1. Would you mind listing the strands (runs of 3 or more DSSP E) fully within region 261-353 where at least 1 residues are under 18 Å from MET482 (Cβ atoms)?
2. Residue under question is LEU277, and the condition is that it be buried (at least 16 other Cβ atoms within 10 Å of the Cβ) and aliphatic (A, V, I, L, M); does it hold?
3. Can you name every one of the helices (runs of 4 or more DSSP H) wholly within region 608-720 that holds 3 or more residues which are basic (Lys, Arg)?
4. Residue under question is ALA543, and the condition is that it be under 24 Å from LYS629 (Cα atoms), of a type outside the set (Asp, Glu), in a loop (DSSP other than H, G, I, E, B) and out of contact with any Cys (no Cβ under 8 Å at 6 or more places or on another chain); does it hold?
5. Yes or no: LEU335 in contact with a Phe, Trp or Tyr (Cβ under 7 Å, 6 or more places away or on another chain), more than 17 Å from PHE423 (Cβ to Cβ) and aliphatic (A, V, I, L, M)?
6. Hey, GLY459 hits all of (1) within 22 Å of the chain's Cα centre (by Cα); (2) over 20 Å from PRO626 (Cβ atoms); (3) not in a helix (DSSP H, G or I) but one; which does it fall short on?
7. Go through region 422-452 and count every residue that is assigned to a loop (DSSP other than H, G, I, E, B) and within 24 Å of the chain's Cα centre (by Cα).
8. So, in region 487-506, exactly how many residues are in a helix (DSSP H, G or I) and of a type in the set (D, E, K, R)?
Amino acid sequence: MDDGDKDEKNVAVTDECTNPEEKDQDEDLPGRTEMLNVKEAINSSSENSGNDSEAHCYLKDDSEAHSHLKDGSEKEFNEKMNTEGSSDSMEPTDSSQIEEEILAEDKSEEPIFDGTEVPEMEDLRRSSNQSVDLDSEAHGSVINERATAIKNFVKEKGATVSTFIRRLSGKKDENDVSVEDDKNEGSESINSGNTGSDAEPKSKEGQHKSEERATWNPLNLIKIGRDFDPFMTGLSGHENVPDLIEQPTGKGRIVLYTKLGCEDCKMVRLFMRQKMLKYVEINIDIFPSRKIELENNTGSSTVPKVYFNDLLIGGLTELKKMEESGILDDRTDALFKDEPSSAAPLPPLPGEDDESGSGKIDELAAIVRKMRESITLKDRFYKMRRFSSCFLGSEAVDFLSEDQYLERDEAVEFGRKLASKHFFHHVLGENVFEDGNHLYRFLDNDPIIMSQCYNIPKGIIDVEPKPIIEVASRLRKLSHAMFEAYVSEDGKHVDYRSIQGCEEFKRYVRTTEELQRVEIHELSREEKLAFFINIYNMMAIHALVTCGHPAGPLDRRKFFGDFKYVIGGCAYSLSAIQNGILRGNQRPPYNLAKPFGLKDQRSKVALAYAEPLVHFALVCGTKSGPALKCYSPGNIDKELVEAARGFLRNGGILVDPEAKVASVSKILRWYSTDFGKNETEVLKHAANYLEPAESEQFLELLANTQLKVLYQPYDWSLNI
């Protein structure tokens, strides 16, 4: 590399490091793309040398920074800055200030796949995988080669990058065709031997399946919303719920008693939807006190049972008899006029039969609360970087020594116990807890957790953390109840309005607050699979009803990356769960970086290897996604196989043996590395889940002919 190229790279790095808040994350995408691989390689090298905390901003004046480290002046600088900055605001109150702190403290941006395809980027990603097994002596040259490759890519592929930016922004291309409308124009065709540009032929079978999926309509519809400010500010509330079309309601009330796994209850729900009757559902497995109420009022706890105000109708048989005799219409008309009496069953009350927040009082929580009141939180400098709302390890030791009557060494051990329970953590994750000038921060003072996590409670939870198995079981039960009540039988259509308003969902959100300090490392492979798949699917629903449906790639980046839950002391986004945990810390499609670094605590939770079938279970609220179901740890592998069969046999793969054409879901293309080394291996893997006759025919076509593979356009619209 000549001197001019070196100067150009140094200038780019300096600009990226010194003023990160001045660069727009989306408009400066080529610069970020160029820097992404450099930062990843430098961070990897720093981790190997034990200096991961030295952020890439040292590149601005590398020699000066290292001289500080050698003569110990860095420590003096930090002490001086901490002393001078003691009057700084202890807690940021402005959301924009929190965002600036995140930009200042984060070493790198989380890799996100937003549906935008950049083939050149994927080629670079695959070539970068080849450097994983290189020894450390060759690592330095690899950094320069990879940085040069990306730089040349940005220079020489200007048109491609411009198209990429237009796709992110949702703008139209040179032909005045919206990139977001690509999904309606057909898909790319890929031949086994070469790449073609033929348009995808319309499949009658595919159209028929699409019509079948559209037959079920929820009671309410969601509008597409473009306002995703809540993702950035961390604010949530009813004002951010998407506009919904409501049915006219009368003064009366229909109540339906149900229980989990009841086939007769499903039939009554279907009857109610066909008649366009709005009702309140009470699941006696979720609200056990209502089971006693039902027994007292009717002499039996058998379900389903339907009430029109205070009048007991019965089950499906009674409803059909009323329909045949014409009485049903009269009864429903009366509901618009008559208010329910005091004898009519009430809808589930807030907090009714709720176990969340109950349990044994946590003595450690009381100590930490007192510790927070005694220690003054300040914005401090540590290793040339500023961190907000921190305290020194020595300050914590001073407090614990005095409050718990401990020697200093004993206080350090006690502090480690508190840190291991996720009350606070080191700002850079360098240690659990030590005495001295190390900086620590309470969990809910972390800028990312404050602004992006939607299950963080207000204040410290007073009860001891429950076992993760118990919390996961209660969350799974609530999810199961909501899916039975508000999701179509095929799992392809969701009634988001009803979910948003039901008591089960509110209890679910309250229960997720208990995940803050659970010990997630206790989970087995099967338990992790079921837990994180279920959490992902409910997180997506939570994000949709709270912040709206993402309108384009930029909004999808926020949807997948900025809506998080705190689980076991760490923040997890949808992308982190999918690519970091369930795919064994694999790079997202068209990205160069992995979700978790070597020293990221979340990497210890990740599965040992990618689980390819999870792609047929993860539902992000799109029409082209899989069916929405609830998964159990005891049968997770069997359930995943069933999910794969259901997806691939119902439009995921459509084969025309006469034309020798296969229409395949883009999920198999985006995550092809999880299924095989090349396209043929991917399709052979997928063929295992087709009907036996179709699978045999498909495999013969793959082996004996030049099968043309067309990838179906992905429909990102909402699965209502």
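1. Because the criterion is at least 1 residues that are under 18 Å from MET482 (Cβ atoms), the strands (runs of 3 or more DSSP E) in region 261-353 that meet it are 280-283.
2. In short, yes.
3. Per the criteria, no element qualifies.
4. no
5. Considered against the rule, which asks whether it is in contact with a Phe, Trp or Tyr (Cβ under 7 Å, 6 or more places away or on another chain), more than 17 Å from PHE423 (Cβ to Cβ) and aliphatic (A, V, I, L, M), LEU335 comes out as yes.
6. The one condition GLY459 does not meet is (1).
7. 6
8. Going residue by residue through region 487-506, those that are in a helix (DSSP H, G or I) are 496-501, 503-506.
Among the residues that remain, those that are also of a type in the set (D, E, K, R) are: 497, 503-504, 506.
Counting residues in region 487-506 that are in a helix (DSSP H, G or I) and of a type in the set (D, E, K, R) gives 4.
The values are calculated or read from the model by the stated rules, or taken from the named source; none is laboratory data. Source: prediction; values computed, not measured. Please note: Cβ atoms are built from the backbone with ideal geometry, for glycine as well, and neighbour counts cover all protein chains shown.
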